[in-house]
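Have a look at the structure below before the remarks.
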Amino acid sequence: MAVYQIAVIGGDGIGPEVIEQAVRVAEAAARQQDRAELHWTRLPWSTAYYKQHGRMLPEDGWDQLRTFDAILFGAVGDPSVPDKITVHELLLPMRRKFDQYVNLRPAYLFAGVPCPLVGKKPGDIDMLVYRENTEGEYAPVGGHLYPGTENHIAVQTGVFTRRGCERILRAAFEAARQRPRKKLTSITKSNAQVYGMGLWDDVFHTVRREYPDVESHSLLVDAAAMDFVRKPESFDVVVASNLFGDILTDLSAAVTGSIGLASSANINPTKQFPSMFEPVHGSAPDIAGQGIANPLAAILSAALMLDHLGLKASAAVVRQAVSTVLAAGKVKTPDLGGHNTTTQMGDAVLAALG
């Protein structure tokens with residue numbers, strides 16, 4: 001029986017609540033479908049840990065994480081501590097240290113989930129967004145000059161490399177090649193950001209020549225934002241820079257009914273380092289501790305983890321179970337218009353696993 005070592009970082013807010021449901025579902029599916037064992041190691045790294053120790057993780061934290069096959073992550077962030085500590089000392093460094101350059105965020109309109117857009121049927125919206133995850137606009141390059149004076153200057157530098165652009169574009173093209181529609185949209189803003197996005201466009205046009213079987217085109221990010229609302233069904237695989245991908249995937253979550261359904265994977269395709277899987281929704285401190293958070297984004301993120309580990313049958317069964325529960329409409333958390341709890345939704349998915 002295959003055994004996989006998984007680090008679990010529940011983190012802040014609703015993170016621990018939703019991640020425990022994902023653990024329950026992933027463990028059951030892996031055992032039933034692929035005869036695999038998932039061994040969980042829970043790490044208490046969070047804002048509470050920071051307040052106690054003055055750091056988000058121990059000195060050997062990164063070395064600890066390197067030993068795992070994957071990381072299941074809840075959320076990080078708390079109003080009592082600035083994001084430049086919580087996010088910038090744990091979440092973002094993890095993506096860079098472990099070279100998790102592929103941020104994959106699916107968006108699918110499930111049966112039983114009301115769509116805020118008129119006339120959209122289940123399955124009409126079905127896209128994969130590939131977001132560059134280690135450089136671009138979120139690269140920690142910049143600084144302050146003359147702080148505290150009227151001449152205060154802040155410089156924030158976007159970093160685009162040919163290698164970084166090429167590898168995320170190639171990953172997206174490979175995914176598009178495997179999809180029925182074989183269609184890819186590259187998001188740009190090179191009419192204004194002529195250097196960084198200009199390089200992005202150059203690499204896109206170079207890489208696309210290797211994939212003549214994939215229908216591909218480039219779209220300005222402002223036009224893409226409109227089309228994510230006007231005609232989201234026109235998108236299949238979307239590839240974007242760090243900032244553009246981040247913003248557009250919040251929008252794709254909204255048009256598919258709830259950010260409580262938005263899953264994500266932070267992938268190191270070489271498996272030299274562990275990949276990390278997390279719901280998109282963040283720590284949601286306003287509802288933390290109430291037991292009403294939707295765990296489906298975390299559960300679907302765990303399905304992406306199972307895929308990455310090679311447990312394809314397990315991943316497929318988890319997604320089908322989520323689809324079954326949503327279509328039945330008997331169990332709904334408040335974000336979906338119901339009154340059920342986090343645990344009740346987890347129980348429903350477990351029951352649907354069969």
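Looking at residue 112 and the list (1) loosely packed, with under 13 Cβ neighbours inside 10 Å; (2) under 19 Å from residue 258 (Cβ atoms); (3) of a type in the set (Gly, Ala, Ser), which single condition is not satisfied?
(1)
Can residue 100 be described as modelled with pLDDT of 95 or more, outside the structural domain of residue 209 (by TED's automatic domain parsing), polar (S, T, N, Q) and under 22 Å from the mean Cα position of the chain (by Cα)?
yes
Within region 308-341, how many residues turn out to be part of a helix (DSSP H, G or I) and more than 18 Å from residue 40 (Cβ to Cβ)?
Counting residues in region 308-341 that are part of a helix (DSSP H, G or I) and more than 18 Å from residue 40 (Cβ to Cβ) gives 17.
For region 15-62, give me the residue count where each residue is surrounded by fewer than 22 Cβ atoms within 10 Å (Cβ to Cβ) and within 25 Å of residue 281 (Cα to Cα).
Number of matching residues: 19.
Could you give me the residue pairs with C-beta distances under 6 Å whose first residue belongs to region 89-115 and is within 21 Å of residue 74 (Cβ to Cβ), whose second residue is among the basic types (Lys, Arg) wherever it lies, and which are 6+ apart or on separate chains?
103/131
I need the full set of residues from region 120-170 which are of a type in the set (A, V, I, L, M, F, W, C) and within 27 Å of residue 230 (Cβ to Cβ), in order please.
Hits for region 120-170 are 125, 127, 128, 129, 168, 169.
Determine which single condition residue 299 fails, assuming it passes every other condition in (1) at pLDDT below 95; (2) in contact with a helix residue (DSSP H, G or I) (Cβ under 6 Å, 6 or more places away or on another chain); (3) of a type outside the set (S, T, N, Q).
Every condition holds for residue 299 apart from (1).
State whether the residues of region 140-160 include one that is surrounded by 12 or more Cβ atoms within 10 Å (Cβ to Cβ), modelled with pLDDT of 95 or more and part of a helix (DSSP H, G or I).
no
Are any residues in region 26-54 within 16 Å of residue 5 (Cβ to Cβ) and among the hydrophobic types (A, V, I, L, M, F, W, C), and if so, which ones?
26, 30, 36, 38, 40, 43
Conditions tested, residue by residue: (1) in contact (Cβ under 8 Å) with a residue 40 or more places away in the chain; (2) closer than 15 Å to residue 166 by Cα; (3) part of a helix (DSSP H, G or I); (4) in contact with a helix residue (DSSP H, G or I) (Cβ under 8 Å, 6 or more places away or on another chain).
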| site | (1), (2), (3), (4) |
| --- | --- |
| 181 | yes, no, no, no |
| 187 | yes, yes, no, yes |
| 193 | no, no, no, no |
| 198 | no, yes, yes, no |
| 201 | no, yes, yes, no |
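Which ones in region 226-250 are part of a helix (DSSP H, G or I), among the small types (Gly, Ala, Ser) and crowded, with 16+ Cβ neighbours inside 10 Å?
Across region 226-250, the qualifying residue is only 245.
Being within 20 Å of the chain's Cα centre (by Cα), β-branched (Val, Ile, Thr) and more than 30 Å from residue 325 (Cβ to Cβ) is true for just one of 86, 47. Which residue is that?
Checking each option against the conditions leaves just 86.
The values are calculated or read from the model by the stated rules, or taken from the named source; none is laboratory data. Given the structure is predicted, the values throughout are model-derived calculations rather than measurements. FYI the Cβ positions are ideal-geometry reconstructions off the backbone, even for glycines, and counts take in every protein chain you see.
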